[in-house]
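Report on the structure given below.
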Amino acid sequence: MRFPLALTAKIAAHIIKHRLLGTPKFAMVLQLEPLHTCNLTCTGCGRIREYSTSLKDMMSLEDCLAAAAECQAPMVSICGGEPLIYPKIEELVAGLLRQGRIVYICTNGLFMRKKIKDYLAATYTPALELKLAQLLEAKLVSEKDLDLIRKGKHDSRPVIAPTQWLYWNVHIDGLEYTHDLIVEREGVFKECVEAIKMAKLLGYQVATNTTVYKETDVGEIEAMFEFFSALGVDGHTISPGYDYDAAKKDMVKRLGRKPEDFFLTRAMTRAKFANILEWGRRFTIFGTPVYQEFLAGQRELTCTAWAIPTRNVKGWKAPCYLMTDGHYASYQEMLKKVDWTKYGVVEGVARDPRCENCMVHCGYDPSGALGTNYQKGDHWKNIAYNFGPRPKPAPEGLRVNAFNGFSAGKGHLAEAKAALKAAAAETGACGSGDRSQREGLLTMMAERQNPVKPD
């Protein structure tokens, strides 16, 4: 089947229970942000800007676990910020698994291999040597790494181990050139691929998480799906980029760009996602076919942001993951005090102007599962999608030129770096001392970091 039976059964049982109880609003997925600190400054992400005054703050482990227990969502997505920076991430994952949750770790991938090596050290026995040899041959670990792994782990802290209830959810916004451009750092895509390969070799479940923007080439996204499908990735989440306030402000202030040149309108989203149903047949796309139809412009859905609530250092964020009109002390308080009729788009009319172009999964994907805008056959459509055969790995993915940027010497800073080297060769290692030359080169470097996709 497309998704693991145990996970599908847990989510289905949760929905059926609340339907029988007559619960009007309940949580499906908890977006848990234990901190907002991050080691990247991705274009289009407003998190580290919106919470810039609290980047050093963190939720306690107890508060994190209490939030999951309070809202009773069967699935918890640990995000942020970069969750692997959270000092008690291992304890948090272990605690959520003890509660019986499905856990997604939404990561940029940079610390993922480190956490996997901790697992290897904690579980090392000579029986692991064959796996270690495979990792070394694939250049996913070094000889130094192996020496440390063989010494074992000597503290009592838990590690993040493979289990059917856990997914690594790795942020990937395209192939190498595009992804490194969006995360504003060269080499990140390569590290993500190596982390994914390592995780799959050791039996972890891995998904990718992609945001589509105005400049996104949908042909590249399809090639990206093919590439990661060939690597054995277990599924993909994909959602349109949305011009929420914090991201728009950063776009203008830090990058000097117009948000409308980067984010999608509803019409643009439907054009970009015109082939989403075909992608769903070829690849393991997470989410319901009803939501996919919505993205493709084949139907309307009503936002159910309360089904994927966000809990962070400030409290329960409302009304949704992207918009902030307040924070509440408890999930139930948020449900009761927020006037949900003020938000979303109904029959093509935005109740709040900020909602006009939003079609993101955290607002609309649960609508497809909950039957909010039910049409005859929807339930059967969802059942057939979930219980149908899982798409086979795409062999054409092995032919995709995924490393088309930094690894090939064609990263988004390549021209500027080449200009610096040429200038040094002409004027000597110390340069000419001409300040205008230096300023020109610095300007070129800045221009190469400006995330505009080349023609």
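Only the coordinates and a few stated rules stand behind these numbers; no lab work does. Here the structure is a predicted model, which is why all the values come from computation and not from measurement. Positions of Cβ are generated from backbone atoms using ideal geometry, with glycine treated the same way; all protein chains shown enter the neighbour counts.
If we count every other residue with Cβ under 14 angstrom of Gly344's Cβ, Lys/Arg +1 and Asp/Glu -1, where does the sum land?
Details: positive: Lys25, Arg266, Lys342, Arg351, Arg354; negative: Glu300, Asp325, Asp339, Glu347, Asp352, Glu356, Asp365.
Taking every Cβ under 14 Å from that of Gly344, the sum is -2.
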Item to check | Residues His154 and Lys337, FRET efficiency given R0 of 56 Å [Cβ-Cβ distance, rounded to 0.05] | outcome: 0.70
Checklist entry - Using Cα pairs under 8 angstrom and six or more residues apart, how large is the relative contact order of the chain, in percent? => result 18 percent
Item to check | Simple label model, 7 Å out from Cα along Cβ direction - Ser52 to Glu356, nm | outcome: 2.6 nm
Checklist entry - Arranged from highest to lowest average of other beta-carbon atoms within 10 Å per residue, in what order do the peptides 188-198, 324-334 appear? => result 188-198, 324-334
Checklist entry - Where in the range 289-325 does the label zone of Ala66 land, with the point 7 angstrom along Cα→C-beta and an amide N cut-off under 17 Å? => result 311-317
Checklist entry - Rounded to the nearest 0.05, what FRET efficiency is calculated for Glu143 and Arg282 with R0 set to 41 Å and r the Cβ-Cβ distance? => result 0.55
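Tell me what the chain gives for mean residue ellipticity at 222 nm when only DSSP H runs of n ≥ 4 count, each as -39,500 (n - 2.57), the sum divided by the residue total, rounded to 500 deg cm²/dmol.
Values: 19 runs with 192 residues, N = 455.
Mean residue ellipticity at 222 nm (helix-derived): -12500 deg cm²/dmol.
In this model, which of Lys197/Lys410; Lys114/Lys272; Lys17/Lys337; Lys337/Lys381; Lys10/Lys200 are farther than 28 Å apart at the alpha-carbon? Spell out each step's value before the answer.
Numbers: Lys197/Lys410 23 Å; Lys114/Lys272 36 Å; Lys17/Lys337 24 Å; Lys337/Lys381 35 Å; Lys10/Lys200 24 Å.
Result: Lys114/Lys272; Lys337/Lys381 exceed 28 Å.
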Item to check | Part-to-part distance (alpha-carbon centres) for the range 362-406 and the range 144-201, which is given in Å | outcome: 24 Å
Checklist entry - Which ³J(HN,Hα) values in Hz, rounded to whole numbers, follow from the phi angles of the range 66-83 under the Karplus curve 6.51 cos²θ - 1.76 cosθ + 1.60, where θ = phi - 60° and Gly and Pro get x? => result 5, 5, 5, 5, 5, 7, 6, 5, x, 10, 10, 9, 8, 10, x, x, 9, x
Next on the checklist: Need the C-alpha centroid separation for the range 274-326 versus the range 18-74, integer Å.
Outcome noted: 16 Å
